[in-house]
1. Normalised by the number of residues in segment B:36-289, what is the relative contact order in percent for Cα pairs under 8 Å and 6+ residues apart?
2. Is segment B:36-289 best put as rounded, prolate or oblate by its Cα gyration tensor, with a ≥ b ≥ c the root eigenvalues, rounded for a/c under 1.5, and otherwise prolate when a/b is larger than b/c, oblate when not?
3. Set Lys and Arg Cβ to +1 and Asp and Glu Cβ to -1, take the dipole of segment A:1-116 about its Cα centre, and tell me which of A:69, A:91, A:22 lies farthest positive.
4. Taking the Cα-to-Cβ direction at residue B:14 and at residue B:99 and moving 7 Å from each Cα, how far apart do the two end points lie in nm?
5. Looking at B:253, B:50, B:162, which one has the Cα that reaches farthest to the positive end of the dipole of segment B:36-289 (charges on Cβ: Lys, Arg +1; Asp, Glu -1)?
6. For segment A:1-147, rounded, prolate or oblate, judged on the Cα gyration tensor with a ≥ b ≥ c (square roots of eigenvalues), a/c < 1.5 rounded, else prolate if a/b > b/c?
7. In nm, give the distance between the simple-model label positions of residue B:190 and residue A:19, each being 7 Å from the Cα along the Cα-to-Cβ direction.
8. Only Lys, Arg, Asp and Glu count, each charged at its Cβ (+1, +1, -1, -1), so figure out the dipole size of chain B about its Cα centre, rounded to 20 debye.
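Readers should treat all values here as calculations from the given coordinates under stated rules, not as data from a laboratory. This structure is a prediction, so every number in the text was calculated from the model and none was measured. Methodologically, a virtual Cβ is constructed for each residue, glycine included, from the backbone with ideal geometry; neighbour enumeration extends over all protein chains shown.
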Amino acid sequence: MDKKIKEKLGFLLLFACILTTIFFLGIIIYFIFVRGIGALSWEFITQVPREAMTAGGIAPAIVGTFYLTLGAMVFSIPLGLACAIYLSEYSPQGFIVNIIRISINNLAGVPSVVFGLFGLAIFVKFFGFGVSILSGSLTLGIMVLPSIISAAQEALMAVPQSYREASLALGATLWETIRKVVLPSALPGILTGVILSIGRVAGETAPILFTAATFYTRGYPDSVFSEVMALPYHIYALMTEGVHPEEQTRIAYGCALILLILVLSMSTLAIILRQRQRSRSYYGS
Amino acid sequence: MYQKKEKIIRWLFTILAFSSLLFLVGITLTLFSSGLPVFQEVGLFDFILGKDWYPTYDPPDYGILPLILASFMVTIGAVLVCVPLGVGSALFVNELATHRQRVILKPIIEILAGVPSIVYGFFGMVIVAPYLQRILNIPVGQTAFTGSLMLGIMATPTVCSISEDALSFVPNSFREASMALGGNRWQTLTKVIIPAAGSGISTGIILGMSRAVGETMTVLMVTGGAAVIPTSFFKPVRPMTSTIAAEMGKTVVGSTHYHSLFAIGLILFLITLLFNIIAEIISRRFRLKLGLGR
């Protein structure tokens, strides 16, 4: 075959690949949007469910997802940040760093349902927290820890070495340098990672399946030890439980749309933030 | 005074830094301690190679071979979808796209990666499964094929972004050298760039596979859930992850069923661990090959 025709065909093939990928994204968002928009109303996001899940709103599920995400972040941000600071600012290079790095990588690869099992055995049963916001938040927090660590580590490594040297030369201690010089300039990068993680935690279902979520609560959760409704689990429950499949599917579309808007706005925000940082650091250097 | 404070802070960070190791060890221990009893209660071979999974029958059967085969099948199917799409997209974005196209395409891929698995599962359940049922004229739409398709689409962004990273590490001098020898862009792509980034791309594929094996909600909602030895892509199957998710709520703590679900979790954990280790080894070699060090 002619060299040129082969090149053309090859390029066409690659173009087809990316088109197909984008087509799938488009079609998923399109269907969820078109069919979910009908279910949306002010009532839908502010009211509790009524009449066996066929009417009313999904406010408890939105609130539940908010609590779970908040709890997971309260747990994982300080821990992840500390871990990243140790790895990039304190640790003697070599053996210890390698062990920690390998365990972070492997923790990142553990399937989400296995985190759920761990949460069930440790938080729900062993510590006796029961099926609760606390158990769910801790499970989600551990799951998202690796992504927070690597995002924070990357942001810390991007801080120029000269900043640290300048601060140390002025007589600041290592901790003062980290707190007043390194962390502030790494903050935007850390924030991007955190926002991406929030999106991920809000959408996860498998880890909260046996640690936090329930199909129906009478009202809003009143303590960290209560079971909660959560948006992603609610979609699953609406599709697999209950006795009014048609009405429930309509509500599930609404839930999916809200979840999608929530998660996608998080990732869009993170992408915009990162782009801004890049252009700024470009002029700065 | 200052020195003491600095020391305390250093120790604090050191302790906290080991948390990820602690959790990994904790997960391993939990899975072993809650999963291993099943090998005594049922027997290693009867458990892994048993052909019947009827945990709630009397007498119960705890053979997970159908579940393992289902996971295997769905993962292979997903790989057939995500490898061409993911690697093809990465090649396009990195090698052919103009700057402006790239600025638009990269965020889109990243957003695709952020769509929660429950949304893929829901979409697969209400749109894809009924559609496939109609056009393929099969009795149920929730099959291994539907699962493979949805998982493949889900894993595509993972494969794509890691492959793209690998491609961006290929030095420009490689491209220039090939062009200078008279190769056109396609020849450069297939004979120079892909081989150079090959191991980086395979890391992406392995991590994509690892994601597909461990994915839960999507397969739970679209594969149908029949725990029988899979015979065709167009029949319902029940992979390991969805078995855990569907049945854990109904088990009694400490029962053989409970232990067997943890043992399935343990097997999943070991499989993904293996994938990660392989990916790690390959990516280390890749970096050495291109002289990037570690």
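1. On the way: 399 pairs, mean separation 67.4, N = 254.
The value is 27 percent.
2. Details: a/c = 2.81, a/b = 1.88, b/c = 1.49.
It comes out prolate by the Cα gyration axes.
3. A:22
4. Spacing of the two 7 Å Cα→Cβ label points: 4.9 nm.
5. Looking along the dipole axis, the top candidate is B:162.
6. Working: a/c = 2.76, a/b = 1.09, b/c = 2.53.
Oblate is the answer for segment A:1-147, as a/c is 1.5 or above yet b/c matches or exceeds a/b.
7. Going by the 7 Å Cα→Cβ label model, 2.0 nm.
8. Working: 21 positive and 14 negative charges, 246 e Å.
About 1180 debye.
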